[in-house]
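Chemist: Sharing a structure with you now.
Read the figures in this text as sums done on the coordinates, not as results from a lab. Note that the structure is predicted; figures quoted are calculated from it, not measured. So basically every Cβ, Gly included, is an ideal-geometry build from the backbone, and we count neighbours across all protein chains shown.
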Amino acid sequence: MLKSDFVSLKPLAIEDAELIYQWKNDISLINLLMAKPTPVTVNETREWLEKSLKDKNQIILGIKINQAESKEELLIGIIRLMFIDWINRKSELGVYIGNEKYRGIGIGKTVINLILDYAFCFLNLHKVYLQVSESNKNAINLYKSVGFKVEGIKREEFWNKTNYENVVSMGILEHEYRGENIKNDL
């Protein structure tokens, strides 16, 4: 289990599909995630979750916060290491806070640091990368604040209802995460 004082990353259960279904149909979240804007059913969400949980090249975890008053945990989002390439030791990061009430208050930074620690210290990955819409400035700033570097721009890669947007490719290497300065002359 990965956790901080108020948030933890824990395995998802099939029962979580009901809540995830709501998030997958939230149009404001869909645009932030550059996901397909097509409605999904509860059954499709359940099938997706079952497949994701069985995928040996993916780690998918629920983002849960501790509720002091009830002593229960509330599922507020998902974080994933996807397309894990065990030979080249790299993976794509996917993260979202589905519960809008908990966006923009620092939880994202906490959970990304938790998953990077897991990726580099436990899974022995060399690189974690991601893609984000260029208009999602908050996310880009968040990723930069934890050490991700811009690696490139995919021009007009994503249609967002009204126009094409650029997609920013970002990555962080293990030695950057650890704060080691390795010279790489190209």
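Chemist: Taking each pair of distinct Cα atoms in the stretch 46-186 once, what is the resulting Kirkwood hydrodynamic radius in Å?
Modeler: Computed over the stretch 46-186, the radius equals 16.5 Å.
Chemist: So for the stretch 2-177, averaging the separation of alpha carbon pairs under 8 Å that are six or more residues apart and normalising by length, what relative contact order in percent results?
Modeler: 18
Chemist: Follow-up. So how far apart, in nm, are the two label points at residue 3 and residue 67 if each is 7 Å from Cα heading toward Cβ?
Modeler: Once both label points are built, they end up 1.6 nm from each other.
Chemist: Moving to a separate point now. Taking the Cβ-Cβ separation of residue 26 and residue 162 as r and a Förster radius of 22 Å, what is the calculated FRET efficiency to the nearest 0.05?
Modeler: E between residue 26 and residue 162, to the nearest 0.05, is 0.75.
Chemist: What is the magnitude of the charge dipole of the chain about its Cα centre, with +1 placed on the Cβ of each Lys and Arg, -1 on the Cβ of each Asp and Glu, and no other charges, expressed in debye to the nearest 20?
Modeler: The dipole of the chain has a size of about 260 debye.
Chemist: Using the basic label-point model (7 angstrom from Cα toward the beta carbon), what is the residue 105 to residue 126 distance in nanometres?
Modeler: Reported label-point gap for residue 105 and residue 126 is 4.0 nm.
Chemist: If you don't mind, there's one more thing I want to ask. Report, in deg cm²/dmol and to the nearest 500, the calculated mean residue ellipticity at 222 nm for the chain, where each DSSP H run with n ≥ 4 adds -39500 (n - 2.57) and the sum is divided by the residue count.
Modeler: Using -39500 (n - 2.57) per qualifying helix, the result is -8000 deg cm²/dmol.
Chemist: Sticking with this one: Return 162, 41, 110 ranked ascending by Cβ neighbour count within 10 Å, so the fewest neighbours appear first.
Modeler: 162, 41, 110
Chemist: Mind sorting 140, 105 by how few other Cβ atoms lie within 10 Å of their own Cβ, fewest first?
Modeler: Sorted ascending by nearby Cβ count, the order is 105, 140.
Chemist: Also, I was wondering about something else. Beyond a 19 Å Cα-Cα separation, which of these cross-linked pairs lie in this structure: 127/149; 56/90; 3/51; 51/127; 64/101; 36/56?
Modeler: Violating the 19 Å Cα-Cα cut-off are 3/51; 51/127; 36/56.
Chemist: Which residues in the stretch 152-180 have a backbone N closer than 18 Å to a point placed 7 Å from the Cα of residue 134 along the Cα-to-Cβ line?
Modeler: Label zone hits: 152-171.
Chemist: Still on this model: What's the local net charge at residue 95, with K and R +1, D and E -1, over the other residues with C-beta under 12 Å away?
Modeler: Every neighbour counted, the sum reads +2.
Chemist: Additional query: Positive end of the dipole of the chain, charges at C-beta (+1 Lys, Arg; -1 Asp, Glu), about the Cα centre: which of 128, 150, 63 has its Cα farthest in that direction?
Modeler: Farthest along the dipole direction, towards plus: 150.
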